[in-house]
Structures are given as C-alpha cells and as structure tokens.
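Asks: So that we are looking at the same thing, I have put the structure below in structure tokens.
The values are calculated or read from the model by the stated rules, or taken from the named source; none is laboratory data. Only a predicted model underlies this, so the values are computations on that prediction, with no experimental measurement involved. No Cβ is skipped: glycine too gets one built from the backbone with ideal geometry, and neighbour counts run over all protein chains shown.
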C-alpha cells in the first residue's frame, strides 16, 4: 500500500475568536483574542497522523482564493500528499467562524463553499484503493453522495473509519446507511450517537446494539473529559481521559481519531488504542486550533513506552 490513511472530508480555514462567553439570543460578549488555523475534521486527523510519520493523503476541494492557497500549502507543509485535492476555478474555499470561551467550549458557524461541489469523476480513484484506511468525515451538502459512490468502488481490503460529526449524525442511521454499511470503525461522540440513533435508547450499550445490523468491527464513543467507551462486539472498555489545561476543544475529537488510528495501524489492541487516542486529544486541547499542539512520533512513542512499562508494573 502507498498510504496508511487517506482522508476524505471538508477543508476549512478556521477563524477562532476567544470570547468572555458564548453569546445566546439577544446577548452580547466581547472578543479577547483571535487565531486563524487550518481545519476540517478529516484534515485535522490526517495532519495528526502525518505528524506521527504515517503515510497520508487527502481528498477534498478548495477554490482559487487565498484561503484555498493556505489550506493546500498547510497540508503540503505537514507532509500530506495533496494529489487528491481538487482546485476549483470558481467559488470560495470553506471557512469556519468559531467562538471559544475561557473553558474551551465553542460555537461554530460553517461556510462550506466548494467543499460541497465534489463530483465522483473528479476523485483520484487510485488513491482510495491504495491505502490501508480511508477516513471519512461529514460534508454539509451533496458531497456525501460522492462518498457513497466511491465506497461502492472500494476494494474489500481497505478499511473505512467514519467520524460522522453532528451533521451526519443528525441524518440518523437510516439516511447514512450506505456509509455505515461500509464502515469498519465508527468514531463518534456521545451526543452524536444519541442523534444517530434518534434518542431512542437510555444507555450507550443500547445505542451501539441498535447499530448491529451495519456489522461494524469497532465502535468508539468519545466522552470528552470523561474519556471514551469502545467495543468490538466481544470486549468493551471504558478508558479515562488525561488531565489537561484546556484552552480550546476545537479538533479534540479529530486528535483522538489520529491517536486511535495510529494505535490500530500499529497493532495495538482496542483498549490501548483508546489510551493513545485520549493522550493525543489531551495534547490538542492545551492549544488553540485543531493541530497546533499535536505530538510528533518521538513524543508519542516515548509516551507509549512509559504507558506499557506502567501497565506491566500494575499487573
């Protein structure tokens, strides 16, 4: 395989404002600081994996504008193969305006731009058939149909990981069933899981059980500051999070995905992959933006060595 992971999702320039509070209806708050970073859920995860020395590539779309130039150059600078990134001659690149309070909580406003104009015939098919994992995240509009079309052409030996985000979760499992049926690893947070299963169930276990007809290999539920819950149908684990000085939760779930997929691709078991995911997420929230404080390969491998030594002592 040429690549370890190929990402397929939206590319957005994140414009993040640090505010004293998230304003509600007829409310006001004030801006304390401002930060611009490159984002998009799949892109954040792919950059995280590239920092860990995995072979990565990306499928997405940008326009011929300053935002698109920044997004494309950022991927290249992070060592991500960009042959699958389409440049549109018209329209505007994706943007996200975000407001983050002192606790790291956030409110986001998405301008999807050309992200929602990806056609199947534009996608470099060799790229998705020459990877160990295809990592999919949500689009606001019609590009979901391109994802569905390409999954039908995916070789059986390519694993699919899906982080549906709130957008796809709100569709419900029936509407995104074509994607779920092709998904091997579902990476989802607890609020999204409730949306995906239409709030019909009382526990995470019941929610996951309701998805059994999709025959996914693993379901990993991200619980924020409470850690994560994961199951492969035979074994289940609750893994606590790491203490962190939270500045911004933007991209924390994407960072978890990068750590988890790194563990998975390096032969770690389900529980230990969750531990690695929690560690990478904890690093992420201590800095503004989705990728500004992600660990490199040497830092993560040192942590894994220490973790396994502690594990041996504990046992």
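Asks: When the range 58-96 is examined, which residues are found to be within 25 Å of residue 304 (Cβ to Cβ) and buried (at least 17 other Cβ atoms within 10 Å of the Cβ)?
Replies: To start, the set of residues in the range 58-96 that are within 25 Å of residue 304 (Cβ to Cβ) comprises 78-80.
Answer for the range 58-96, where residues must be within 25 Å of residue 304 (Cβ to Cβ) and buried (at least 17 other Cβ atoms within 10 Å of the Cβ): 78, 80.
Asks: Return the residues of the range 195-231 that are surrounded by fewer than 16 Cβ atoms within 10 Å (Cβ to Cβ), outside any helix (DSSP H, G or I) and touching a strand residue (DSSP E or B) at 6+ places or on another chain (Cβ under 9 Å); say none if nothing qualifies.
Replies: Within the range 195-231, 217 is the sole residue that qualifies.
Asks: Report, by residue number, each residue of the range 165-194 that is farther than 24 Å from residue 126 by Cα and part of a loop (DSSP other than H, G, I, E, B).
Replies: Listed by number, the residues that qualify are 172, 173, 174, 175, 176.
Asks: Would you point out the residue of the range 294-315, among those that are in a loop (DSSP other than H, G, I, E, B) and at pLDDT 85 or above, that is surrounded by the most Cβ atoms within 10 Å (Cβ to Cβ)? Spell out how you get there, then give the answer.
Replies: Residues of the range 294-315 that are in a loop (DSSP other than H, G, I, E, B), as a first pass: 294-296, 315.
Then keep just the ones that are at pLDDT 85 or above; that gives 294-296.
Values: 294: 28, 295: 23, 296: 11.
This residue is 294.
Asks: Which is modelled with pLDDT of 90 or more and within 29 Å of residue 175 (Cβ to Cβ), of 269, 257, 278? First the steps, then the outcome.
Replies: Values: 269 fails: within 29 Å of residue 175 (Cβ to Cβ); 278 fails: within 29 Å of residue 175 (Cβ to Cβ).
Answer to the check: 257.
Asks: If a residue has to be in contact with a helix residue (DSSP H, G or I) (Cβ under 7 Å, 6 or more places away or on another chain) and assigned to a helix (DSSP H, G or I) to count, how many in the range 118-162 make the cut? If you could, list the steps in order and put the result at the bottom.
Replies: Taking the range 118-162 first, the residues in contact with a helix residue (DSSP H, G or I) (Cβ under 7 Å, 6 or more places away or on another chain) are 118-120, 123, 128, 132-143, 146-151, 153-155, 158, 160-162.
So of that shortlist, the ones also assigned to a helix (DSSP H, G or I) come out as 120, 128, 143, 146-151.
Residues that pass the stated criteria total 9.
Asks: Applying the selection to the range 234-253, what residues are farther than 25 Å from residue 43 by Cα, part of a loop (DSSP other than H, G, I, E, B) and in contact with a helix residue (DSSP H, G or I) (Cβ under 8 Å, 6 or more places away or on another chain)?
Replies: Across the range 234-253, the qualifying residues are 235, 240, 243.
Asks: A further question follows. Does at least one position in the range 279-287 carry a residue that is part of a loop (DSSP other than H, G, I, E, B), out of contact with any helix residue (DSSP H, G or I) (no Cβ under 6 Å at 6 or more places or on another chain) and closer than 27 Å to residue 3 by Cα?
Replies: First pass over the range 279-287, keeping only residues part of a loop (DSSP other than H, G, I, E, B): 286-287.
Then keep just the ones that are out of contact with any helix residue (DSSP H, G or I) (no Cβ under 6 Å at 6 or more places or on another chain); that gives 286-287.
Remaining after also requiring closer than 27 Å to residue 3 by Cα: none.
No, because not a single residue in the range 279-287 is part of a loop (DSSP other than H, G, I, E, B), out of contact with any helix residue (DSSP H, G or I) (no Cβ under 6 Å at 6 or more places or on another chain) and closer than 27 Å to residue 3 by Cα.
Asks: Take the residues in the range 261-280 that are within 22 Å of residue 106 (Cβ to Cβ) and in contact with a strand residue (DSSP E or B) (Cβ under 9 Å, 6 or more places away or on another chain), then tell me which one is surrounded by the fewest Cβ atoms within 10 Å (Cβ to Cβ).
Replies: Among them, the one singled out is 278.
Asks: Which of the residues spanning the range 141-165 are farther than 21 Å from residue 5 by Cβ and at pLDDT 95 or above? Explain how you work it out, then say what you get.
Replies: At the first step, the residues of the range 141-165 found to be farther than 21 Å from residue 5 by Cβ are 141-142, 145.
Scanning the range 141-165 gives a single hit, 145.
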